[in-house]
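None of the figures in this text is laboratory data; all of them are computed from the coordinates on show. In this text the structure is predicted, and so the values were computed from the model without any measurement. Backbone-built Cβ (ideal geometry, glycine too); neighbour counts: all protein chains shown.
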Amino acid sequence: MKKLAERIGLVCCGIVAVAVVIGVLEVIFLNTPGVNFLGCGVSEFGTWGCPSAPFAAVKEIILNMPLVFIIGPIFLFGGPSSLGFIGGAWWQAYLNPAVIYLYAAGLIDWLVLIYIVWMIGRAVRRGLVAARRVR
């Protein structure tokens with residue numbers, strides 16, 4: 001069980017690391033409106049849209065990852081109404097694919113945070129054990 005938790009943490013860290021790299025590259029190279037990258041363009045809200053590109057949905061998900069990982073943790077506490085996903089019955093808002101995607105991003109963010117704290121704690125414990133052996 002411990003190995004599974006460690007592997008899940010590593011996968012989540014990898015996903016967030018890719019999002020950070022994409023975010024840095026977007027800020028450096030693609031900051032101007034009207035820039036076209038892989039058939040996708042930046043909208044006025046700072047999100048990427050791929051109107052006619054092949055695999056448009058996959059490209060949009062990958063290029064919008066940095067923004068989603070910023071909004072995800074906030075969305076976990078505010079729920080669908082925090083971003084205006086209101087309509088019909090209360091449970092229908094939770095079936096929206098964007099809501100599921102934001103909840104998953106928030107969960108990944110929290111898993112990365114837990115994994116980092118766990119790794120720091122493990123390193124401190126190992127350091128304390130090694131210091132006791134030296135005495």
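Couple of notes before you dig in:
- Modelled spin labels at ALA5 and TRP110, positioned 7 Å past Cα toward Cβ, are 1.5 nm from each other.
- In order along segment 113-130, phi translates into HN-Hα couplings of 4, 4, 5, 5, 5, 5, 5, 5, x, 5, 5, 5, 4, 5, x, 5, 5, 5 Hz, rounded to whole numbers, per the Karplus curve 6.51 cos²θ - 1.76 cosθ + 1.60 with θ = phi - 60° and x for Gly and Pro.
- Note on TRP118 and VAL58: their simple-model spin labels are 3.0 nm apart, each label 7 Å out from Cα toward Cβ.
- Kirkwood radius and radius of gyration were both taken over the C-alpha atoms of segment 94-135, and their ratio Rg/Rh is 1.43.
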